[in-house]
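Beneath this line is the structure, given in structure tokens, with notes to follow.
The values are calculated or read from the model by the stated rules, or taken from the named source; none is laboratory data. From a predicted model like this one, the values you see are computed outputs, not experimental measurements. Here Cβ is always computed from backbone atoms with ideal geometry, including for glycine, and neighbour counts include all displayed protein chains. Protein only, heavy atoms only, side chains kept; ligands, DNA and RNA dropped before computing areas. Shrake-Rupley method; radii C 1.70, N 1.55, O 1.52, S 1.80 Å.
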Amino acid sequence: LASCFAMNAARAATTDAILDSLQYGAFRYAWDEANPANGLIRDRSQSGSPSSIAATGFGLSTICIGVDHGWVSRSAAASRVLAALQTFWNGPQGTAASGTIGYQGLFYHFLDLNTATRTWSSELSTIDTALLLAGILDARQFFGGSDPVEVQIRSLADAIYGRVNWTFVSTCSPPCCTAIWMGWKPGTGFSGFGAWFGYNEAMILYLLAIGSPTHPIPGCSWSTW
């Protein structure tokens, strides 16, 4: 029995070590492969890679975890997160094919790491916007202190989420049960894009759209998905 307990303890210690290593590696990527001036995180570590908004969303959550582990100070992490949120809130929105960060409160899949504007002729991506928002809202809940930077984080997170016009990317108008388009491009709109159906990563997309405090889609859209 003692031998069994010892083996289980050894396995648990090994598992914890592996998880710590994976978490630390993820944190280092989010922290090091970023532009600290605007908080954007590279899609990949390859030289010249743009930022992807999904990578930035995952990175915002990772930075919060980094604070919990003591890998970065809370104040440094808060400053980095605030820089990212200011970028997404202040970046120009519009129908132009270049020089914008997004449209209707949503964001382009890939952004130039320095200018924080659309690159690679990428689409206005609904799922990647949702993954970004998940990281933003995670940071909003984590940074709940009275420090002025943390107060700004919460205010900007609420504003960014509230600005997203989910009805714009829905396939029809309420009160009918809607689906959400996968993407939109300047000049061609939703042409060439399908809608999100089936059990997949779009769960978080529909939850955020249905739960929007400002531009929600009908709750019955869950069944449509």
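Taking 7 Å along the Cα-to-C-beta vector as the label spot, tell me the Cys176-Asn8 distance in nanometres, rounded to one decimal. In this crude label model, Cys176 to Asn8 measures out at 5.7 nm.
Helix 126-142 against the longest principal axis of the chain: what's the angle in degrees, Cα atoms only, rounded to the nearest 10? In the chain, helix 126-142 runs at an angle near 50 degrees to the longest axis.
Look at (1) 1.12; (2) 0.99; (3) 1.70: the one that is Cα Rg over 2.2 N^0.38 Å derived from this structure is (1).
With contributions of -39500 (n - 2.57) from each DSSP H run of at least four residues, the per-residue ellipticity at 222 nm computed over the chain stands at -16000 deg cm²/dmol. With contacts taken as Cα pairs under 8 Å at a separation of at least 6 residues, the stretch 1-83 carries a relative contact order of 25 percent. For Tyr29, the shell of other residues with beta-carbons less than 14 Å away shows a net charge of +1, using +1 for Lys and Arg and -1 for Asp and Glu.
Rounded to the nearest 10 degrees, the inclination of helix 53-69 to the longest alpha-carbon principal axis of the chain is 30 degrees.
Helix 148-163 and the longest principal axis of the Cα set of the chain meet at an angle near 40°.
In a simple Cβ point-charge model (Lys, Arg +1; Asp, Glu -1; nothing else charged), the stretch 71-171 has a dipole of about 100 debye relative to its Cα centre. Accessible area per residue for the stretch 74-225, computed on protein heavy atoms with a 1.4 Å probe, is 42 Å².
Across the chain, C-alpha contacts under 8 Å between residues 6 or more apart give a mean separation that, scaled by the residue count, equals a relative contact order of 16 percent. Accessible area of the stretch 1-77 with a 1.4 Å probe: how many percent of it is carbon plus sulfur? Within the stretch 1-77, the accessible surface is 60 percent carbon and sulfur.
So, counting K/R as plus one and D/E as minus one, what does the shell of residues with Cβ under 13 Å around Arg74 add up to? That works out to -2. Put a dot 7 Å past the Cα of Ile204, heading toward its Cβ, do the same for Ala159, and the two dots end up 2.4 nm apart.
In the chain, a dipole from Cβ-located charges (positive for Lys and Arg, negative for Asp and Glu) runs towards its positive end, and of Ile18, Phe193, Ser45 it is Phe193 whose Cα lies farthest in that direction. Dipole size of the chain about its Cα centre, with +1 on Lys/Arg Cβ and -1 on Asp/Glu Cβ: approximately 220 debye, rounded to the nearest 20.
Given the C-alpha centroids of the stretch 150-216 and the stretch 89-107, what is the distance between them in whole angstrom? Each part reduced to its Cα centre gives a spacing of 15 Å.
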